Structure formats: C-alpha cells, structure tokens
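The values are calculated or read from the model by the stated rules, or taken from the named source; none is laboratory data. Just so you know, these numbers come straight off a predicted model, no measurement behind them. Every residue, glycine among them, receives a Cβ derived from its backbone with ideal geometry; neighbour counts consider all protein chains shown.
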Amino acid sequence: MNGINYNALMGNSGLYSNQSSSILEEAVKNATAAGAKAAEKKTDNRQANADKDTYEHSAGANKAGYSRPSYIRNNTRTETETKYKALDADGVQEGIELSDKAKAVLKELKEKYGDQMEIAVAEWSSDDEQDYYASLTDKAYSVLINPELLEQMANDDEVKQKYMDVLGGADDKFSALKEGLGEDAERIKGFSITIDADGEVSYAVKLMKDIAESSRANAEKTQEERIEERREEKKKAEKERLEKVEAESIEELIEAVKEKLHPETVEKEDENVEEQEAEKVVIAEAGMN
C-alpha cells in the first residue's frame, strides 16, 4: 500500500517497535483517507462537468427556434391553461382530428397570412374560452376558426374563397376601425377575428377601461380622493384592465366601443334622435289637421 510493506514493518521488534507500529498505523490511515478524498473529489468534478454540459445544452436549446408558451417550456401549465385544451404546434386544439384536405387548407392559410396572424382551430363553449385561444399570440391579429367550418372550406372552393377574403381584408377592417374611433383608437388593444361552425364572422378588440367614472365626476372629487385613487391605481400599475368588445361588423364594433367609452354621449344622441322623431310626428299630425 503506497510502496510500504506494512506486514514487514509490523513484524519488527525492539525498543521502539510499539511506537513505530502506532506511527505507521496512523500514516497508513491518513494515506487511505487522502486517497478516498481524492477519488471523491474526482467523482464530484465529473458530476459537475456533466451538470454543466447538461445546462449548456439546455440553454442552447431554449435559444433556438421560437419562444414557446410557459407550459411547454417548463412542462407545467397554469390554472387557466389547464382549464382549456392545449393547442399543438399547428394551432389545432387537442382532440381535434382534421382531414388531410382541412390540414392542407390550414397550411395554406398559415403560409399566406401567418406573418401577421396567429390562426388557431378550436371548439369553444364560452366567451372566456374563446378569449383564451385568441390571446395566445403576440402577432397583429388572432384568428379562431371552428373545425367544422375549416372542413367546409376544404370541400367547397367558394366557401374557402369567401373566408380567405375575410382574412385578407383584416388590414382594411382594422384601419376602418381606427379611423372610425379617432383618438379613442389608442384605447384598444389587439384585434381578433372569429369564425364559428355556422360561418358567422365576428370581430373583437380589447378595450382599456376608464379609470375615472367620467371627466365630470372626476372634477368634483376632492384632492384627497384623487390622491387616494392614484395610490390605489399604483398598486395595480402592472395589471392592464381590459374589457372585450365584440360585434358582427366593423361598423357595429365602432358603435359598441364608443358606447363603452362615452356612454353619456351616446345616451344624449339617443335622446336627440327621440326628440327629432317626436317632432316629426307632431308636424305630420298638424299637417293632417
């Protein structure tokens, strides 16, 4: 062991034999411990290198390709994400089996509009579920298509062209929306197009909610109330307060957004219309007499 004939040394006799034996035993014990420690350190180094290689490989993989949703990256899903079925890499809802023709149409849509639109194929049973799928994008527009409608597009060229025209006109629709809203266009976020199983098309935006009840009500508040309001709002600074507004046409969507933002103005306009209609009735009755 380490070049020392331990048995021979232990067999020596003499005045210092017992002392020498003790010293030798301690030396051998220390040498053995040192050897074990070195072996352990070598193993730890190997493990550290392996861990480093694993981490570097993982980091490189995360940098490659697109940024996937958190539940794919971490193999975990939030409570909201687990509430609804996931979408696969093609944007098709889990459990939906598309025909080859429908897959080809979906591929064509993505190749033609995929740069500015996130197109998903799913079934939904509530507005919240519809909003969830529409929110899974950072592109200019989100498109949600019912699988039954996609199958109709795959088997009827006229139907296919009709809804391709709808998607192709998204820029014009959004421009018309912003023009119709004027300064209020700054209050909208996102733009989504939904096509249900019956082929009904709807347009929706997310609208920033008003912080104050109205400009008039805010002016009547005391300074202390306004300070307290601002203090409360700071606590929610990172949380956008959004409200969905949806309609079957851009014209109806513009009116719906205006009504949300300026309810008092819309009510006044309605009153004026009613007054004008009443005046017309009076004039008509007077003419009859």
Taking the range 180-200 as the search range and keeping residues that are hydrophobic (A, V, I, L, M, F, W, C) and part of a helix (DSSP H, G or I), which one is farthest from the chain's Cα centre (by Cα)? Leu181
Of all residues in the range 82-133, which are of a type in the set (Gly, Ala, Ser) and either assigned to a loop (DSSP other than H, G, I, E, B) or out of contact with any Ser or Thr (no Cβ under 9 Å at 6 or more places or on another chain) (or both)? Ala86, Ala89, Gly91, Gly95, Ser99, Ala102, Ala104, Gly114, Ala122, Ser125, Ser126
Of the numbered conditions (1) hydrophobic (A, V, I, L, M, F, W, C); (2) at pLDDT 95 or above; (3) within 17 Å of Lys85 (Cβ to Cβ), Trp124 satisfies every one except a single condition; which is it? (2)
Residue check for Ser67: loosely packed, with under 12 Cβ neighbours inside 10 Å, at pLDDT below 95 and under 22 Å from the mean Cα position of the chain (by Cα): yes
Selection status of Phe174, assigned to a helix (DSSP H, G or I) and buried (at least 19 other Cβ atoms within 10 Å of the Cβ): yes
Run Ala134 past the list (1) in contact (Cβ under 8 Å) with a residue 60 or more places away in the chain; (2) among the hydrophobic types (A, V, I, L, M, F, W, C); (3) surrounded by fewer than 16 Cβ atoms within 10 Å (Cβ to Cβ) and report the number of the one that doesn't hold. (3)
Examine the range 257-278 for a residue that is touching a strand residue (DSSP E or B) at 6+ places or on another chain (Cβ under 7 Å), surrounded by 12 or more Cβ atoms within 10 Å (Cβ to Cβ) and modelled with pLDDT of 75 or more, and state whether such a residue exists. yes
